[in-house]
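This report concerns only the one structure given below.
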């Protein structure tokens with residue numbers, strides 16, 4: 001049986017407008033990487049620029065994050081990160097967006113990435129996002145309609161932005177922009193695990209949601225595209 005393939009989308013934004021460092025939030029890439037590769041999937045990375053994206057946020061006390069940074073296969077895959085134009089949506093059954101502050105600045109504006117995501121979804125694939133990564137879904141349109149329109153979704157909340165002091169570092173509140181596109185934004189308690197699965201759309205509210213969001217993503221793909229048996 002052909003090995004199923006998944007994409008993890010990462011921000012390539014290295015600096016905020018005020019010059020502070022940013023990038024993608026590593027655990028939100030590491031958790032889906034481990035969940036999918038352990039299940040036999042080939043996982044590639046896609047970003048808004050070619051080359052290895054910048055990291056923002058690592059907890060070395062977390063074994064899965066630490067191993068991800070040291071894993072040779074993961075390192076090679078990160079180094080081989082390409083822009084969306086280099087990927088064929090027909091090759092992938094999953095695309096999921098990792099968060100991090102950088103995601104708010106580049107992911108919503110990458111039209112090629114939005115088209116790639118729409119193509120994967122249109123072909124029956126599963127789309128996921130965690131935390132600020134939900135920004136990558138804002139301008140995805142399938143057959144002329146916003147992917148999130150009429151769907152239950154979540155993402156980092158305004159209350160959480162204020163709690164962690166990020167309001168000055170973001171261009172918008174995710175809940176507002178999702179609602180503006182017709183989404184039903186479902187918000188859980190701040191900084192607590194909260195996952196929303198709406199058929200082939202799986203979103204997690206915050207970093208605490210990353211581990212289970214990865215499992216839910218795999219479960220949705222297994223259910224909808226019949227990938228339960230892999231080599």
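At-a-glance table
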item	result
Structure-derived Rg and Dmax of the Cα atoms in Å - corresponding label in (i) 15.8, 50; (ii) 16.9, 53; (iii) 17.5, 62	(i)
Residue of 110, 215, 62 that the Gaussian network model of the chain assigns the largest fluctuation, springs spanning Cα pairs under 10 Å	62
Global form of segment 169-210, assessed from the alpha-carbon gyration tensor, a/c cut-off 1.5	oblate
Compactness relative to 2.2 N^0.38 Å, alpha carbon Rg of segment 1-65	1.26
Highest-MSF residue in the chain out of 201, 70, 16 [GNM, Cα springs under 10 Å]	70
Helix-only [θ]222 nm of the chain, DSSP H runs n ≥ 4, -39500 (n - 2.57) each, per residue, nearest 500	-9000 deg cm²/dmol
Cα gyration tensor category, rounded, prolate or oblate, for segment 122-231 with a/c compared to 1.5	oblate
Largest to smallest principal axis extent of the C-alpha atoms in segment 90-135, angstrom	30, 19, 13
Most fluctuating residue given options 40, 175, 99, as computed from a GNM of the chain linking Cα atoms under 10 Å	40
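Read the figures in this text as sums done on the coordinates, not as results from a lab. None of these values were measured; they are calculated from a predicted model.
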